[in-house]
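Okay, structure first, notes after.
The values are calculated or read from the model by the stated rules, or taken from the named source; none is laboratory data. The structure displayed is predicted, hence computed values, not measured ones. For neighbour counting, all protein chains shown are included, and Cβ atoms are generated from backbone atoms with ideal geometry for every residue, glycine included.
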Amino acid sequence: MLGSGLGAFADGLTDAVRIPYAQIPSFPRSTAVGHASQFVVGKSGDVPVAVLQGRAHLYEGYSPEEVSVPTRVLGRMGVRAVVLTNAAGGVNLDYGQGALVVIRDHINLQGRNPLVGANEDRFGPRFPDMTYTYTKSYREVALEEAKKLGIPPREGVYAGVLGPSFETPAEIRFLRTIGADLVGMSTIPEAIAARHMGMNVLAISCVTNMAAGILDQPLSHEEVLETTARVMGQFIALLRAVLPRISELAASIE
Ligand code: HPA
């Protein structure tokens with residue numbers, strides 16, 4: 001699942017079939033700039049992949065259930081390994097703009113959960129465990145492959161907020177205090193829905209900007225897109241290196 005400004009990965013797939021979300025029943029359409037809205041099935045090297053080029057966000061007014069429909073579809077298609085990507089603000093002062101960070105864990109501050117309501121027993125249990133949300137062996141692979149590519153290997157905790165306004169400096173100090181390294185407006189509904197269905201999850205953030213108040217300057221969506229455009233090459237190289245390895249692991253992990 002490709003985050004804001006990160007859609008170009010899907011353009012490099014071979015044997016690709018592209019289906020606009022508008023043609024898929026129940027699929028939410030992304031209205032955010034920087035998101036195409038198509039489901040692409042193809043190959044990355046030798047690895048068969050289903051790519052969601054563009055995601056819907058809670059801040060667009062979609063319900064958590066709507067936001068997680070594409071994840072549910074992947075689960076029902078038999079996908080075992082999900083890679084979630086996003087643009088995020090850097091809360092950890094050791095990060096810089098353009099850093100790629102593997103998500104170790106998350107803090108859900110969106111006030112929403114895609115599993116609210118009657119449980120769909122075909123999908124998973126009423127009270128799914130979230131201790132191992134981001135699969136350890138996948139994180140290790142991502143850090144190893146980052147190192148090989150000369151990308152500093154970083155891991156962090158992602159705080160998910162509702163948006164769409166960016167955070168205040170006080171909110172960023174709060175997030176740092178509670179243990180967040182990154183902040184963003186996506187990913188958590190998909191991670192919860194994927195874990196509910198027993199899929200293994202890897203998530204990677206692109207630090208598109210340092211979070212509010214760290215630098216004495218305003219934040220903008222243009223800055224987010226400029227940074228993703230700048231690190232796109234590295235980001236695609238990392239995904240292409242990670243996919244064959246986690247696809248091999250997917251066969252063996254529960
Ligand atoms: N905050 C929240 N979401 C984001 C940010 C940010 O600073 N940057 C990119 N997505």
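Inside the range 184-195, can you point out the residues that are over 12 Å from the mean Cα position of the chain (by Cα) and either within 16 Å of the ligand (Cβ to nearest atom) or more than 17 Å from residue 58 (Cβ to Cβ) (or both)?
Hit for the range 184-195 is 195, nothing else.
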Just for the range 218-254: of the residues that are away from the ligand (no atom under 16 Å from the Cβ) and assigned to a loop (DSSP other than H, G, I, E, B), which one is modelled with the lowest pLDDT? 254
Among the residues of the range 139-171, which ones are of a type in the set (S, T, N, Q) and without any contact (Cβ under 8 Å) to a residue 12 or more places away in the chain? 165
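For every residue, the table says whether it meets (1) closer than 20 Å to residue 58 by Cβ; (2) surrounded by 15 or more Cβ atoms within 10 Å (Cβ to Cβ); (3) within 13 Å of the ligand (Cβ to nearest atom).
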site: 81; (1), (2), (3): no, yes, no
site: 90; (1), (2), (3): no, yes, yes
site: 125; (1), (2), (3): no, no, no
site: 140; (1), (2), (3): no, yes, no
site: 150; (1), (2), (3): no, no, no
site: 161; (1), (2), (3): yes, yes, yes
site: 165; (1), (2), (3): yes, no, yes
site: 169; (1), (2), (3): no, no, yes
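Quick grid of which residues meet (1) surrounded by 22 or more Cβ atoms within 10 Å (Cβ to Cβ); (2) of a type in the set (Gly, Ala, Ser); (3) not in a strand (DSSP E or B):
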| residue | (1), (2), (3) |
| --- | --- |
| 4 | yes, yes, yes |
| 15 | no, no, no |
| 19 | no, no, no |
| 43 | no, no, no |
| 48 | no, no, no |
| 72 | no, no, yes |
| 76 | no, no, yes |
| 84 | yes, no, no |
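Yes or no, residue by residue, for (1) in contact (Cβ under 8 Å) with a residue 40 or more places away in the chain; (2) in contact with a strand residue (DSSP E or B) (Cβ under 9 Å, 6 or more places away or on another chain); (3) β-branched (Val, Ile, Thr):
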{"position": "80", "(1), (2), (3)": "yes, yes, no"}
{"position": "83", "(1), (2), (3)": "yes, yes, yes"}
{"position": "91", "(1), (2), (3)": "yes, yes, yes"}
{"position": "96", "(1), (2), (3)": "yes, yes, no"}
{"position": "99", "(1), (2), (3)": "yes, yes, no"}
{"position": "105", "(1), (2), (3)": "yes, yes, no"}
{"position": "111", "(1), (2), (3)": "yes, no, no"}
{"position": "114", "(1), (2), (3)": "yes, no, no"}
{"position": "117", "(1), (2), (3)": "yes, no, no"}
